[in-house]
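Student: A single structure is presented below for examination.
The values are calculated or read from the model by the stated rules, or taken from the named source; none is laboratory data. Only a predicted model underlies this, so the values are computations on that prediction, with no experimental measurement involved. Virtual Cβ from ideal backbone geometry, glycine too; neighbours counted across all protein chains shown.
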Amino acid sequence: MEATEELPVVPRAGAPPPVLGRYRLGARLGSGGFGTVYAAVDERLDREVAVKVIPTGGAAPERASREALAAARLEHPGIVAVFDAGEDDEARYLVSELVRGRTMDRLQADGELSDRDVLRLGLALSDALAHAHGRGVIHRDVKPQNVIVPDRPRSARSAAKLTDFGVAHLAGDVPLTRTGDVVGTLAYMAPEQADGQRADARADLYSLALVLYEGLAGVNPVRGGSPAATARKLGTVLPPLSRKRKDLPAELCAALDRALSPRPEDRGTLDELADELAAALTGVSDEGGTILAHPLERPRTAQLPPPAGRVVAGLAAAGLAAAATTLVPGAPVTAPAAAAAAAVAVAALPRAGWLACVAALAFLLAAADRPGTAIVLLAAAAVCAALVRGSGHAWSLPAAAPLLGLATLAGAYPALAGRAGRWWQRAGLGAAGLWCLLLAEPLTGAVLLSGDEAPRRWGADAGAALDGVLWPPLSSGLVLLAGLWAAAALLLPWLVRGRYAGVDLVAASAWAAGLGAGTAAIAEWAGATEPRGLVAGAIAAGALAWLLPRTLPRDIVNDPR
């Protein structure tokens with residue numbers, strides 16, 4: 001039961017005797033159609049409890065009995081524990097743990113739940129419902145008002161506490177309602193439940209998905225302006241969550257949309273929904289978050305710490321600055337000094353640092369009579385900035401494509417790009433990596449992929465750089481590889497989901513084979529030489545596609561700055 005503040009219970013002169021001979025009632029915490037809840041003290045055990053007082057008569061006592069029987073089967077940190085039940089001539093009493101906190105609907109109304117908070121609550125509720133279902137209890141009334149968020153949860157599993165099992169269905173027991181009767185709350189009710197059919201675990205899954213949809217979108221897609229309007233929406237296909245929240249991970253939206261299918265057999269399972277919530281946990285915003293971090297957010301031993309992205313970005317900028325400075329005769333700064341400045345700037349302020357670094361290097365190159373090199377550098381940077389939306393340190397990742405090319409493993413790059421959390425970032429990183437790879441060949445003079453030769457002295461001639469370096473990939477069609485790599489990175493998390501090793505191995509192998517075959521076909525169509533390291537790159541791509549979901553966080557570019 002819910003309590004919002006410390007409410008000591010002090011017996012006063014002439015106070016009524018404790019109910020059931022041991023529970024002394026204190027301040028009223030709330031009331032509803034089935035009774036009033038009070039803070040109380042168990043005088044026998046000297047502990048604070050919550051007591052629901054239900055007047056005799058009507059269906060309320062039967063509901064209280066049902067809640068007590070359901071709670072007696074359950075023992076979970078995400079479910080409000082019921083300690084005792086009893087009755088006297090005036091009322092029936094349900095004694096439960098006193099949870100100091102606020103309900104989910106109140107937190108939502110106050111704007112105190114971040115997107116990540118909603119997923120944290122979803123994980124806790126999924127665990128609690130799985131526990132209940134495993135013991136034959138179907139809640140049938142999952143809604144924000146029945147979810148208490150403790151002020152001081154003891155663990156991530158108790159970040160949310162499910163309460164009010166008064167209309168629960170208990171396996172093996174006489175049902176509370178007859179077939180055709182409707183129990184629950186209309187705006188959160190599964191369609192089959194609203195039709196009076198027997199509700200099973202899939203009805204609770206539907207209601208939970210609806211609660212999470214509302215928490216993320218800010219609106220319940222079922223609730224209408226009247227009960228009749230709400231009833232008309234039951235059983236219809238609801239608007240996709242991605243239509244209201246385009247910034248959320250596509251996989252998360254798809255999982256919630258699936259769980260909200262009108263047909264119970266199409267909803268999947270609680271475990272599948274929990275897997276997607278966990279996968280998306282670090283890929284959504286925690287701005288304004290109030291709930292303690294879930295263990296899945298903490299770096300595992302095989303993961304890089306959160307600052308690692310900035311460190312890698314800084315090192316990449318340092319390498320670029322050092323390499324470019326060596327091309328400038330009589331540069332005002334030494335290569336080590338330029339590298340150090342670039343590293344600090346990009347690590348501290350990724351986007352601003354990269355823009356300043358590239359602008360300074362382009363200016364130095366142009367001043368040193370190397371305008372062609374400056375144009376190629378700006379072209380690579382501009383594409384990265386345009387395609388890789390999000391954090392600035394993500395602009396460093398496309399540099400991995402040329403580095404892999406030096407090791408004849410350029411084809412493995414899309415597996416790295418596929419670890420970005422948002423679909424447009426994956427696609428942008430895939431395309432930007434290919435573009436940087438094509439431009440790095442004339443810059444380094446090495447065969448990284450196509451091996452096409454650039455004209456001599458293009459670095460000192462802006463026209464030669466445009467005609468001989470930038471235009472050939474566009475005119476030959478070789479740039480279509482950018483679309484292939486973007487598609488490969490985009491689809492990878494949907495094919496290799498990191499759940500079952502055997503299934504993932506087959507999917508990763510098929511994905512890598514298709515990537516390699518597509519790369520070879522486009523290169524042949526464009527009239528380019530056979531890509532270097534095609535087989536080795538495909539093997540490495542498949543290995544990384546299988547391994548990375550098990551060792552790295554889902555979103556490798558999630559940084560708001």
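Student: For the stretch 273-313, enumerate the residues that are part of a helix (DSSP H, G or I) and modelled with pLDDT of 75 or more. If you could, list the steps in order and put the result at the bottom.
Tutor: First pass over the stretch 273-313, keeping only residues part of a helix (DSSP H, G or I): 273-283, 295-297, 308-313.
Of everything in the stretch 273-313, those that are part of a helix (DSSP H, G or I) and modelled with pLDDT of 75 or more turn out to be Leu273, Ala274, Asp275, Glu276, Leu277, Ala278, Ala279, Ala280, Leu281, Thr282, Gly283.
Student: Would you mind finding the one in Ala70, Ala81 that is small (Gly, Ala, Ser) and free of Cβ contacts under 8 Å to residues at least 60 places away in the same chain?
Tutor: Ala81
Student: Here are some conditions: (1) under 27 Å from Pro295 (Cα atoms); (2) acidic (Asp, Glu); (3) at pLDDT below 90. Asp181 meets all but one. Which one does it not meet?
Tutor: (1)
Student: Shifting gears a bit: Mind telling me which of the residues Ala540, Ala489, Ala501 ends up being within 29 Å of the chain's Cα centre (by Cα), in the same structural domain as Leu429 (by TED's automatic domain parsing) and buried (at least 23 other Cβ atoms within 10 Å of the Cβ)? Please lay out each step first, then the result.
Tutor: Working: Ala540 fails: buried (at least 23 other Cβ atoms within 10 Å of the Cβ); Ala501 fails: buried (at least 23 other Cβ atoms within 10 Å of the Cβ).
Testing whether each residue is within 29 Å of the chain's Cα centre (by Cα), in the same structural domain as Leu429 (by TED's automatic domain parsing) and buried (at least 23 other Cβ atoms within 10 Å of the Cβ) leaves just Ala489.
Student: Further question: Kindly check whether there is at least one residue in the stretch 322-331 that is modelled with pLDDT of 75 or more, surrounded by 16 or more Cβ atoms within 10 Å (Cβ to Cβ), part of a loop (DSSP other than H, G, I, E, B) and hydrophobic (A, V, I, L, M, F, W, C).
Tutor: Checking the stretch 322-331: not a single residue is modelled with pLDDT of 75 or more, surrounded by 16 or more Cβ atoms within 10 Å (Cβ to Cβ), part of a loop (DSSP other than H, G, I, E, B) and hydrophobic (A, V, I, L, M, F, W, C).
Student: Residues that are among the charged types (D, E, K, R), outside any helix (DSSP H, G or I), at pLDDT 90 or above and not assigned by TED's automatic domain parsing to the domain that holds Arg157: does the stretch 64-83 have at least one? Steps first, answer last, please.
Tutor: Our first condition is that a residue be among the charged types (D, E, K, R); within the stretch 64-83, this holds for 66-67, 73, 75.
Of the ones still in play, those that are also outside any helix (DSSP H, G or I) are 73, 75.
From the residues that got through so far, the ones that are at pLDDT 90 or above too are none.
No; the residues of the stretch 64-83 include none that is among the charged types (D, E, K, R), outside any helix (DSSP H, G or I), at pLDDT 90 or above and not assigned by TED's automatic domain parsing to the domain that holds Arg157.
Student: Are any residues in the stretch 195-216 small (Gly, Ala, Ser) and buried (at least 18 other Cβ atoms within 10 Å of the Cβ), and if so, which ones? Before you say what the answer is, go through the steps one by one.
Tutor: Filtering the stretch 195-216 for residues small (Gly, Ala, Ser) gives 196, 199, 201, 203, 207, 209, 215.
Of everything in the stretch 195-216, those that are small (Gly, Ala, Ser) and buried (at least 18 other Cβ atoms within 10 Å of the Cβ) turn out to be Ala199, Ala201, Ala203, Ser207, Ala209, Gly215.
Student: Out of everything in the stretch 102-112 that is modelled with pLDDT under 90 and not in a helix (DSSP H, G or I), what residue ends up being surrounded by the most Cβ atoms within 10 Å (Cβ to Cβ)?
Tutor: Glu112
Student: A further question on this structure: I'd like the full set of residues that are farther than 25 Å from Asp110 by Cβ and in a loop (DSSP other than H, G, I, E, B), limited to the stretch 212-238.
Tutor: Answer for the stretch 212-238, where residues must be farther than 25 Å from Asp110 by Cβ and in a loop (DSSP other than H, G, I, E, B): Ser226, Leu234, Gly235, Thr236, Val237, Leu238.
Residue-wise test of (1) buried (at least 16 other Cβ atoms within 10 Å of the Cβ); (2) among the aliphatic types (A, V, I, L, M); (3) at pLDDT 90 or above; (4) outside the structural domain of Ala400 (by TED's automatic domain parsing).
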{"position": "Ala512", "(1), (2), (3), (4)": "yes, yes, yes, no"}
{"position": "Gly518", "(1), (2), (3), (4)": "yes, no, yes, no"}
{"position": "Ala528", "(1), (2), (3), (4)": "yes, yes, no, no"}
{"position": "Pro531", "(1), (2), (3), (4)": "yes, no, no, no"}
{"position": "Pro560", "(1), (2), (3), (4)": "no, no, no, yes"}
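Student: Could you list all residues from the stretch 513-527 that are in contact with a Pro (Cβ under 9 Å, 6 or more places away or on another chain), of a type in the set (A, V, I, L, M) and either farther than 16 Å from Pro473 by Cβ or not in a helix (DSSP H, G or I) (or both)?
Tutor: Leu515, Ala520, Ala526
Student: Identify the single condition in (1) buried (at least 23 other Cβ atoms within 10 Å of the Cβ); (2) farther than 22 Å from Ala274 by Cα; (3) in the same structural domain as Thr163 (by TED's automatic domain parsing) that Tyr93 does not satisfy, given that it satisfies every other one.
Tutor: (3)
Student: Condition first: assigned to a loop (DSSP other than H, G, I, E, B) and modelled with pLDDT of 90 or more. Can you find one or more residues in the stretch 201-211 that meet it? Write out each step before concluding.
Tutor: Residues of the stretch 201-211 assigned to a loop (DSSP other than H, G, I, E, B): none.
Scanning the stretch 201-211, I find no residue that is assigned to a loop (DSSP other than H, G, I, E, B) and modelled with pLDDT of 90 or more, so the answer is no.
Student: Scanning for something out of contact with any strand residue (DSSP E or B) (no Cβ under 7 Å at 6 or more places or on another chain), in a helix (DSSP H, G or I) and among the hydroxyl-bearing types (Ser, Thr, Tyr), does the stretch 469-485 turn up at least one residue? Break it down into steps so the answer makes sense when it comes.
Tutor: Taking the stretch 469-485 first, the residues out of contact with any strand residue (DSSP E or B) (no Cβ under 7 Å at 6 or more places or on another chain) are 469-485.
Imposing the further condition that a residue be in a helix (DSSP H, G or I) reduces the set to 469-476, 480-485.
Narrowing the set further to residues that are among the hydroxyl-bearing types (Ser, Thr, Tyr) leaves 475-476.
Looking through the stretch 469-485, at least one residue is out of contact with any strand residue (DSSP E or B) (no Cβ under 7 Å at 6 or more places or on another chain), in a helix (DSSP H, G or I) and among the hydroxyl-bearing types (Ser, Thr, Tyr).
Student: On to the next question. Output the qualifying pairs, or none if there are none: Cβ atoms under 9 angstrom, residues six or more apart or on different chains, first residue in the stretch 231-254 and of a type in the set (Phe, Trp, Tyr), second residue part of a loop (DSSP other than H, G, I, E, B) and exposed (fewer than 15 other Cβ atoms within 10 Å of the Cβ).
Tutor: Partner pairs satisfying both residue conditions: none exist.
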